[in-house]
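Below is one structure; the comments refer to it alone.
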Ligand SMILES: C[S@@+](CC[C@H](N)C(=O)[O-])C[C@H]1O[C@@H](n2cnc3c(N)ncnc32)[C@H](O)[C@@H]1O
């Protein structure tokens with residue numbers, strides 16, 4: 001587990017960095033999503049969300065929808081729902097199926113009790129005030145509606161944290177370099193029920209453990225490089241560290257045949 005400094009936490013929730021750099025387009029998010037192709041077991045995340053929405057009719061707001069992985073599946077498999085994609089980044093919404101809105105989760109342009117369901121998938125760790133945002137999501141939900149949130153555990157992808165610290169150490173000429181910036185630690189799977197419990201009484205957690213085994217350094221290196229927006233927070237020359245990590249991964253694949261990453265994600269279905 002890596003834990004951020006206060007300055008790193010502030011950068012992870014910095015709206016300008018998020019909208020103009022980290023998620024200015026879908027490239028970095030797609031790099032992080034792509035490694036799950038090699039995960040066992042495979043989880044159909046949009047399918048799990050669809051299961052949770054089985055009894056839902058009407059408006060579904062996908063807040064922080066990113067590149068639209070979830071809204072596109074809702075449009076395809078549940079055309080009866082009015083799914084709306086929302087994100088703080090206009091750039092990432094460019095290719096997302098309409099309707100979409102540039103909107104901040106902290107001040108949604110929707111009336112009280114107007115949505116049947118709200119999705120906040122892998123995004124609550126990016127908002128400035130997590131507790132106030134959860135209240136805001138609860139405000140737009142009609143009584144009896146469902147909030148579906150997701151995030152990663154503090155122990156998710158530890159092998160990438162170790163790889164980064166080793167590569168950073170090599171670049172700096174010390175045994176172990178600074179820890180990788182953590183995106184999800186502000187709202188990790190361990191912390192999520194406590195935050196969500198401030199506005200929801202019934203919280204069901206579904207853990208999604210798995211193992212990724214990759215035989216090509218490319219997707220792993222792209223995953224590390226996808227943190228470029230926070231390069232100035234890494235305490236080490238970022239691109240040199242990515243290059244050194246690439247060499248370490250290639251050597252491990254050469255000797256072990258594969259590079260293994262342990263994944264611990266989870267989805268939380270929350271009702272008032
Ligand atoms: C890690 S991505 C997750 C995308 C998508 N929900 C998924 O699970 O594939 C986080 C997304 O949340 C968006 N985001 C971050 N802070 C936000 C905010 N305050 N309001 C709305 N969207 C935000 C980012 O721009 C980014 O597209």
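Read the figures in this text as sums done on the coordinates, not as results from a lab. Since we're looking at a predicted model, the values are computed, not measured. For neighbour counting, all protein chains shown are included, and Cβ atoms are generated from backbone atoms with ideal geometry for every residue, glycine included.
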Item to check | For region 1-128, convex hull volume per residue from C-alpha positions, Å³ | outcome: 129
Checklist entry - Relative contact order (percent) for region 5-107, with alpha-carbon contacts under 8 angstrom and 6 or more residues of separation? => result 27
Next on the checklist: Between 0 and 90 degrees, rounded to the nearest ten: what's the tilt of helix 238-256 against the longest Cα principal axis of the chain?
Outcome noted: 80
Next on the checklist: Running a GNM on the chain with Cα contacts under 10 Å, which residue among 59, 174, 130 ends up with the highest mean-square fluctuation?
Outcome noted: 174
Checklist entry - How big is the convex hull of the Cα atoms of the chain, per residue, in Å³? => result 114
Next on the checklist: Need one number: nm distance between label points at residue 57 and residue 243, each 7 Å from Cα along Cα→Cβ, rounded to one decimal.
Outcome noted: 6.1
Checklist outcome for this item: Per the rule of 0.36 nm per residue minus the C-alpha distance, extending residue 129 to residue 24 adds in nm 35.6 nm
Item to check | Bins of 5 Å from zero: percent of alpha-carbon pairs in region 124-257 | outcome: 2, 9, 16, 17, 15, 12, 10, 8, 6, 3, 1, 0
Next on the checklist: Is the C-alpha gyration tensor of region 76-149 telling us rounded, prolate or oblate? Criteria: a/c under 1.5 is rounded; beyond that, a/b larger than b/c is prolate, otherwise oblate.
Outcome noted: oblate
Checklist outcome for this item: Relative to the chain, whose Cα atoms define the longest principal axis, helix 130-140 and its Cα axis are tilted in degrees, nearest 10, by 30
Item to check | Among 36, 125, 23: highest mean-square fluctuation, GNM of the chain, C-alpha pairs under 10 Å | outcome: 36
Next on the checklist: Suppose a student asked you for the relative contact order of the chain, using Cα pairs under 8 Å spaced at least 6 residues apart; what percent would you report?
Outcome noted: 24
Checklist entry - If contacts are Cα pairs under 8 angstrom and at least 6 residues apart, what is the relative contact order of region 37-94 in percent? => result 35
